[in-house]
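A short worksheet on the structure shown next.
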Amino acid sequence: MNSVTLTRQTEDFSVFDIDRVRADFPILQLKVNGKPLIYLDNAASCQMPQPVIDRLVRYQTTQHANINRAVHYLSEVATMEYDSARRKLQQFVNAREDREIIFTSGTTDSINLVMHGYGRKFIKTGDEIILTTLEHHSNIVPWQMLAKEKGAIIRVVPINDQGELDIDEYEKLFNERTKFVGLIHVSNALGTINPIQRMIKFAHRFSVPVLIDGAQAAPHMALDVQALDCDFYVFSAHKLCGPTGVGILYGKATLLEAMQPFKGGGDMITSVTFEETIYNTIPHKFEAGTPPIAAAIGFGAAIDYLTNIGLDHIAAYEQTLLEYATATLSEIPGLRIIGTAAEKTAVISFILDGIHPHDIGTILNQDGIAVRTGHHCAQPVMQRFKVPATSRASFAFYNRKTEIDALAAGIRTVQKVFL
Ligand code: PLP
């Protein structure tokens, strides 16, 4: 059973019971270097609550078998649970039909699926693909591979000094050769929330399909792919309190049906002869081989857990963390926040005068504080700000303000050590 994390049903996030939320996460009890763990690397991967762990154990101890292939009891149960997880994801993103949800191994795999399934079939020599400076490498490299193969051209939307997309420039990039848009919903490096609804609407005036990389949005805000009218939306379970090794591709049914398969193998066919193979219907056409059954079922449990708390509560609480962290860290002399967009999730990327981010991460780790340092798989963002790397504190709904105080104290210690 999911634990109840709200004391009463209300829109007021002040009732967000942080102690009860934290009690759901066994790993938060950990001591690192003798200090209580302060986990601020949630944008890389979020921790898993007990109900999700329990669900995985229940599956492995009482329900495991391969799916879609046998009439025996366990196979039927596992198939039912896997299909049920798909419906949970359908509801979570408000897709029209459950066959519009494809289980993949994660965001990267989902984008590669669209590149192979849509891009290799429909993008031709001279066609243009629009991406943005904010993209994660996983929404750049597959399109570069495609562009190289097809002789297509990549156009890039610039960002301003706050780390916000230049929407006028975006709109100017469109012409009759524009055939695809890949757009990050929330920047993993900076936290910028992009105005994707407006951008999707504009692309559709040119009948151009839009893929949204929602890896950093899905954990932090309620989603409605029908309202957004995006053509593809992708994210990974491990950033939403779920297991690694699973994610989804949402795609409009008409597009998924028009696409060619990405991987060939079992389950994605209805018949095979050496002369001809007939592909299965969606979603199976894109789920070749044994899928990540346990992970998908765990993903479903994670969706239940987050839905039980409420994405709106999570978003509101995390905004209080963002405001507090921005104010607290801004008081530190020599600290510069990279990425100050008006619309942000609770991510703070920063640099310290004269100190390399890796040294910051190492010293903070001695105090049990986990932050990420590096280019965050977003090197074009680093190049735009002329920095090789940043330190990034990324918050989840189980973090609290005292942890931000500890981070600030840790940063001051780093400065004492190095300056
Ligand atoms: N896109 C964004 C915005 C991300 O933050 C990440 C992971 O950090 C990815 C894509 C890649 O996700 P995964 O490694 O789960 O495939």
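The values are calculated or read from the model by the stated rules, or taken from the named source; none is laboratory data. These numbers were taken from a predicted model, which means no experiment stands behind them. Using ideal geometry, Cβ is built from the backbone for each residue, glycine included, and neighbour counts are taken over all protein chains shown. Please note that ligands, DNA and RNA were not included when accessible areas were found on the heavy atoms of the full protein model with its side chains. Shrake-Rupley method; radii C 1.70, N 1.55, O 1.52, S 1.80 Å.
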Residues of the stretch 103-123 being under 20 Å from VAL181 (Cα atoms), within 12 Å of the ligand (Cβ to nearest atom) and either not acidic (Asp, Glu) or not assigned by TED's automatic domain parsing to the domain that holds VAL210 (or both), in sequence order, are GLY106, THR107, THR108, SER110, ILE111, ASN112, LEU113
Check your understanding: Given the structure, is ALA227 open to solvent by 50 Å² or more (accessible area, probe 1.4 Å) and modelled with pLDDT of 95 or more?
Key -> yes
Requested in this report: Kindly indicate whether any position in the stretch 50-63 is buried (at least 17 other Cβ atoms within 10 Å of the Cβ) and in contact with a Phe, Trp or Tyr (Cβ under 7 Å, 6 or more places away or on another chain).
Outcome: yes
Out of all the residues in the stretch 115-124, is one or more out of contact with any Lys or Arg (no Cβ under 8 Å at 6 or more places or on another chain), open to solvent by less than 10 Å² (accessible area, probe 1.4 Å), part of a helix (DSSP H, G or I) and within 26 Å of GLY374 (Cβ to Cβ)? yes
Among GLU135, GLU100, GLU128, the single one that is open to solvent by less than 10 Å² (accessible area, probe 1.4 Å) and within 16 Å of the ligand (Cβ to nearest atom) is GLU135
Review point. Hey, does the stretch 175-194 have a residue that's more than 16 Å from THR133 (Cα to Cα), assigned to a loop (DSSP other than H, G, I, E, B), in contact (Cβ under 8 Å) with a residue 40 or more places away in the chain and away from the ligand (no atom under 16 Å from the Cβ)?
Key: yes
Of the listed residues (ASP304, ASP267), the one being open to solvent by 50 Å² or more (accessible area, probe 1.4 Å) and in contact (Cβ under 8 Å) with a residue 24 or more places away in the chain is ASP304
Here the residues within the stretch 226-241 that are of a type in the set (Phe, Trp, Tyr) and either within 11 Å of the ligand (Cβ to nearest atom) or not assigned by TED's automatic domain parsing to the domain that holds PHE92 (or both) are PHE235
Matching residues in the stretch 195-208 (touching a strand residue (DSSP E or B) at 6+ places or on another chain (Cβ under 7 Å) and outside any loop (DSSP other than H, G, I, E, B)) number 4
Taking the stretch 138-166 and the residues there that are open to solvent by less than 20 Å² (accessible area, probe 1.4 Å) and more than 16 Å from the ligand (Cβ to nearest atom), the one that is farthest from the chain's Cα centre (by Cα) would be ALA152
Practice item. Could you tell me whether LEU211 is outside any helix (DSSP H, G or I), open to solvent by less than 50 Å² (accessible area, probe 1.4 Å) and in contact with an Asp or Glu (Cβ under 7 Å, 6 or more places away or on another chain)? Key: yes
Restricting the stretch 30-85 to residues that are in contact with a strand residue (DSSP E or B) (Cβ under 9 Å, 6 or more places away or on another chain) and of a type in the set (Phe, Trp, Tyr), the one nearest to the ligand (Cβ to nearest atom) turns out to be TYR39
By residue number, the members of the stretch 12-43 that are modelled with pLDDT under 95 and either not in a helix (DSSP H, G or I) or not assigned by TED's automatic domain parsing to the domain that holds GLU403 (or both) are ASP12, PHE16, ASP17
For strands (runs of 3 or more DSSP E) lying entirely in the stretch 245-294, having 2 or more residues that are farther than 12 Å from PHE103 by Cβ and not aromatic (Phe, Trp, Tyr) picks out 269-272, 277-279
All-but-one check, ALA408 against (1) open to solvent by less than 40 Å² (accessible area, probe 1.4 Å); (2) outside any helix (DSSP H, G or I); (3) not polar (S, T, N, Q), failing number (2)
